[in-house]
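Read-outs throughout are calculated quantities, based only on the coordinates presented, and are distinct from any laboratory measurement. Keep in mind it's a predicted model, so treat the numbers as computed, not measured. Note that we place each Cβ from the backbone using ideal geometry, even for glycine, and neighbour counts take in every protein chain shown.
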Amino acid sequence: MGATDPVKAVEERENRGEEETEKKKKQRGVKAVEEEGDKDELNHHRFLASLNRLNPTNPLRVIVNNGGGGRFTTPPPNPAQPLRSSSRAPPPIQIPPVRAQPPEEPPPPPSPSPSTPPPPPLQHQSRSLFTQTPQETLASLNSSKYTNKFFLFLFILHKIVAIGFVCFLVFRGVQGLIGSNGTVKRKEQRILRFLLPQVEAASLLSILLAFSWQMAIRLWPDFMIHFILWSTFLMSLSSGILLLCFQMPATDAVGVALIAFSIGNGLYACWVTRRIKFCSKILVKSLEPVSKFSDLNLPTYYMLAAGFFWMSLWIFGVIGALNFYFPPLVVIGLVLSLAWTTEVMRNVVNLTVSRVVALFYLRGMQSSTRFSFQRALSRNLGSACLGSLFVPTIEALRILARGLSLLKGEDEFMFCCANCCLKLMTFIFEHGNGWAFVQIAAYGKGFVRASQDTWKLFEDVDMVEIVDADITSSICFLTGICSGCVCVIVAAAWTHTVYKPFTATISLLAFFIGYLMTRISMALPHACVSCYYACYAENPESRFFDKTIKDRQALIKNGRVVVHTPRVRRALA
């Protein structure tokens, strides 16, 4: 018995050691399984965190949120075990002996009461690199609204009445030529023989001059600004002296008026000498897009052809008016009607060119000249009619107010009147100006709203002094005056040779025709300059513009360039 006791004790110890070894192995296996489970759970958390960092527009994020959102629900993180996605190696994880229970399901949200407004839906901000242009802006470029419908109706009514009345006057002229007594018949025959050829020749000469002026300005813009300023002075002075040489009361009055204008033109040419260089730079830059559109001059050709046809019919109407009641009043009415019609034709060309060039500057688009011409003759024609009726009057009154401001001197009464007139004309000019045609053509706005928006853009980018000092419109005006004076010289010399009593009348008609036809052709360079200023004010950082305007603004702010244009004081504005 004694010998077997130690053996039993050894066996019991061995059995106990084996049991402890098996228990340790089991515990290690359980720990390994738990560690693997925790690692899987940690990887799962990281996967869900990476999903949450995805852009809301990512296709994987969209699929997870819409299709499989229930499978990848992220449980609330354990504050004792923070997840650090930025660390290279995960921190050591301590597993408690007891397995953590799964998180409880959150309680259902309380049902909203009828008085409580529902919470706004969450909006995810897109981080796309390519932001699409808003549809409203794109739609505004092809606006289908007719602008200024009242004035469109008024112009159409005026044209119907004018065409009917001119046809009636032509009928009266033919009736007097065929079926009247000897006195009326001889008078009309004399008019047809000694007035009609000179007027038709003046019309053809004005068209030739119109094409020549436009081509020369496009080829040599820098030289032509100086040439127009001083050639207008010489032509107006020459035509005035020629009419004075005829020594007739009517021709003397017209000649004195032309000489007075030539003196004012010479003073103006000396006054704007400092502006010529900057105006030349802008004109050269603004005419660059014209070469990209080979058919941009077609609207000018169409309007000149229509103007020549209507002017020929109008001349027959003037001849017939001499055989009607109150011939002077009838002729004045015909002259005003022709002036409005040709101004509308000029602004139709202005709108067409403005739309083509403005869309090139603002959108980089190669738009269709034909489509722009159709829009100018249909949807935007009302604005052209309104602008043609008021813009020349507003600009003339504004020039008069500025001249009064320059002549006010030290007199207190003149000072008060000049500032009141200038303030009133500035207010009117802000609601109606020639710069508005750019936004009318591009966005289809009404004339008044386009004027206000364009002037507001000029004020926002500090361009008011620059556009006030621009002389492009004056250059176009003086070009028409120069053509009119050339037509006066040709027609007056011809008429004085064949029939002296008609010299003054034909001189006025020739001047009027030459001026109007040239103004139609000069709408193209004027529209290009207007587009350059207005589009720069809307987007100064565009790649189509250089630093010409910015450098000019810097010089004005530093006082190195003094703008001599009279303006209303800030305290009075």
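Below, the figures for the structure above:
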| read-out | value |
| --- | --- |
| Region 536-544 - phi-based ³J(HN,Hα) in whole Hz, Karplus 6.51/-1.76/1.60, Gly and Pro as x | 5, 5, 7, 8, x, 8, 5, 6, 7 |
| Entries of K285/K547; K145/K445; K149/K445; K456/K547; K285/K550; K277/K547 with Cα pairs more than 18 Å apart | K456/K547 |
| Gyration tensor (alpha-carbon) shape descriptor, region 406-521, a/c threshold 1.5 | oblate |
| Rough spin-label spacing in nm, given labels placed 7 Å along Cα→Cβ, for L219 and R370 | 3.0 nm |
| Computed label-point distance, nm, for sites A339 and A493 using a 7 Å Cα→Cβ extension | 2.9 nm |
| Stretchable slack from S143 to L208, in nm (0.36 nm times residue separation minus alpha-carbon distance) | 19.7 nm |
| Tensor-based shape of region 248-333 (alpha-carbon gyration tensor, a/c under 1.5 rounded, otherwise prolate or oblate) | oblate |
| Net lengthening on full extension, Y325/D468 (0.36 nm per residue, minus Cα-Cα) | 46.9 nm |
| Cα coordinate range in region 482-566, projected on the principal axes (Å, largest first) | 62, 27, 17 |
| Using a Förster distance of 22 Å, the FRET efficiency for L397-W271 (Cβ separation, nearest 0.05) | 0.65 |
| For region 249-256, 3J(HN,Hα) per residue [Karplus equation, 6.51 cos²θ - 1.76 cosθ + 1.60, θ = phi - 60°, Hz, x = Gly/Pro] | x, 5, 5, 5, 5, 5, x, 4 |
| Per-peptide average of other Cβ atoms within 10 Å, ordering 475-483, 388-396 highest first | 475-483, 388-396 |
| Rg to Rh, two decimals, where region 485-531 supplies the alpha carbon set and Rh follows Kirkwood | 1.24 |
| Table column - 3J(HN,Hα) (Hz), region 297-310, Karplus curve with 6.51, -1.76, 1.60, x for Gly and Pro | 8, 4, x, 5, 5, 4, 5, 5, 5, 5, x, 5, 5, 5 |
| Loop trypsin sites (Lys or Arg not before Pro), region 520-555 (other Cβ atoms within 10 Å of the site Cβ: 13 or fewer; DSSP) | R543, K547 |
